Amino acid sequence: MVNATGHTVGIDALAFACPKAYLDLSTLAEARGVDPLKYTQGLGQEKMAIASPCEDTVTMAVEAGRLALKNYGIDPKEIGTLIVGTETGVDHSKPVAVYVHELLGLSHRCRTFETKHACYGASAGLTASLDWIASGRAKGRKALVIASDIASYGLKTAGEPTQGAGAVAMVVSHQPRLLEIDTTTIGDYTRQVMDFWRPLYSKYAFADGHFSIECYLEALSEARSVALEDQAEPIETLRACLYHVPFVKMAKKAHFQELCVAMGRDLDLGQPADEQLFANSFARKVAPFLRFNAQVGNIYTGSLYLSVMDCLSQIDQQGLGASIGLFSYGSGCGATYCLGKIAPTIHTFTSALDITSQLVQRRRLNIEDYESLIAAREVSDQASRLDPSDYNLNHGLAYVGTRNHQRQYEWLSD
Ligand code: HMG
């Protein structure tokens, strides 16, 4: 897919990292006296990744970035821009990105910064990177865009079952080996709304939950209209319709709205024919690509790209060259809709895209472990020394405490 400036641009590598422990939502439901079906069917979630005090936005971003370079054979010297999208920064001033820059050994000539716009931060980084390459300023270099977040709502709040944590790293380049982005289709939308926010004094997000769902759906409708110049989404011609996934059911609500627009009428789920039509469309275009999100929970700005990884890991021969729809939403709110085209080289990377083995190695928490990890995280920014082995961490990068008001990171080895 060649854009207006004659460049093919898009995603060349994708990798994922998340905390080593998770909470099963049936465990949470039992502890909160809630019917487990509310979480598993009502929200569509099975598990949520829970970060320990030694796992933060930096450690997850570094691990995802390291895998993106290693698994796709990319030399750190090829990276000319590094952008970390996050709403879980570790400092009011210093960007997460500059820690990541050093820990990944990137060049001092690499432009490096952090973007924040709730769950939209990484998409802002992605589109800025596409523009950087298309402008010619990249001069053959690639951009590394990393989405890294810990989604935290208060204990016993409505948002509690929609937590999660993780990072997705994307390398953006010309001649991308995974997904070409059609930059002529990018449609943006912005509106000031108070649907979800986190004041400076709070570690936990506040949400006007049901209103946030309305804002998300309105932003989808508006961004898609801009992207496709008021045409309905061409659902039938798309291999997949991928959405921001704060919880799996949200993608289902989004797809229902999109199918109504595509059909030019309101579908009635009380009518068997309409119910069947929607069930078939959702089962073919959306549901198969939500497996990872259901196991990890909301990872905020990386959520859409986790669904992209799931989709690309399952592409068969007929899927090569097919188009997919991508919708990114960040509360507050900002959104982008665009189309991507699956690159013919994708099959070389199927195993790099499939994160199933990563997910099954995680440690299951009981409710007491979960609540004590949350309590320990509340004071971890000021802890003078943390021991990663207290949290069963024995490899990779760990945050180990703060000395002279400076965060300390250490590489662990088995
Ligand atoms: P709630 O009010 O506790 O739940 O909070 P509910 O009563 O709306 O129930 C949820 C669903 O479960 C409903 O399904 C119920 O019918 C069903 P729906 O009607 O929506 O299809 N249900 C059951 N199903 C089976 N068996 C049962 C049962 N009971 C109920 N026994 C809410 C839900 C999502 C509002 C809450 O978790 C919340 O506030 N979450 C945080 C906000 C959020 O995720 N918003 C999403 C859109 S905004 C966004 O995506 C941006 C975000 O990622 C942040 C960012 O941008 O940085 C959040």
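Which order do the peptides 317-327, 15-25 come out in when sorted by mean C-beta neighbours inside 10 angstrom, highest first?
Numbers: 317-327: 17.4, 15-25: 25.1.
Packing proxy ranking, top to bottom: 15-25, 317-327.
Hey, what's the Cα Rg ratio for the chain versus the globular rule of thumb, 2.2 N^0.38 Å? Before the final figure, lay out the partial values.
Details: Rg = 20.3 Å, N = 414, 2.2 N^0.38 = 21.7 Å.
Taking N as the residue count of the chain, the ratio is 0.93.
How far is the Cα center of segment 113-138 from the Cα center of segment 301-359, in Å?
17
Rounded to the nearest 20 debye, what is the charge dipole size of the chain about its Cα centre when +1 sits on each Lys and Arg Cβ and -1 on each Asp and Glu Cβ? Each step should come with its number before you reach the end.
Working: 37 positive and 46 negative charges, 205 e Å.
Computed charge dipole of the chain: roughly 980 debye.
Using a cut-off of 15 Å between alpha-carbon atoms, which aspartates and glutamates can reach Lys116, once sequence neighbours fewer than 8 places away in the same chain are excluded?
Partners within reach: Glu87, Asp91, Asp149.
In whole Å, how far is the Cα centre of segment 207-279 from that of segment 1-78?
23
Could you tell me which of Ala279, Tyr99, Thr162 has its Cα farthest along the dipole of the chain towards the positive end, charges placed at Cβ (Lys, Arg +1; Asp, Glu -1), taken about the Cα centre?
Tyr99
Which distance in nm do the two modelled labels at His405 and Cys260 give, with both placed 7 Å along the Cα-to-Cβ direction?
Calculated label separation equals 5.2 nm.
Give the long-range amide H neighbours of Ile150: residues separated by 5 or more places, or on another chain, with amide H under 5 Å away, using H modelled in the peptide plane at 1.01 Å from N.
Excluding prolines and chain starts, which carry no amide H, the hits are Thr88.
For Asn298, enumerate residues with amide H under 5 Å from its amide H, sequence gap 5+ or separate chain, H modeled in the peptide plane.
Amide H neighbours of Asn298: Gln163, Gly164.
Among Thr57, Thr40, Thr86, whose mean-square fluctuation peaks in a Gaussian network model of the chain (Cα, cutoff 10 Å)?
Evaluated over the chain, the most mobile residue of the options is Thr40.
A short reminder: the numbers here are calculations on the coordinates, not readings from a lab. Here the structure is a predicted model, which is why all the values come from computation and not from measurement. With ideal geometry, Cβ positions are generated from the backbone for all residues, glycine too; neighbour counts draw on all protein chains shown.
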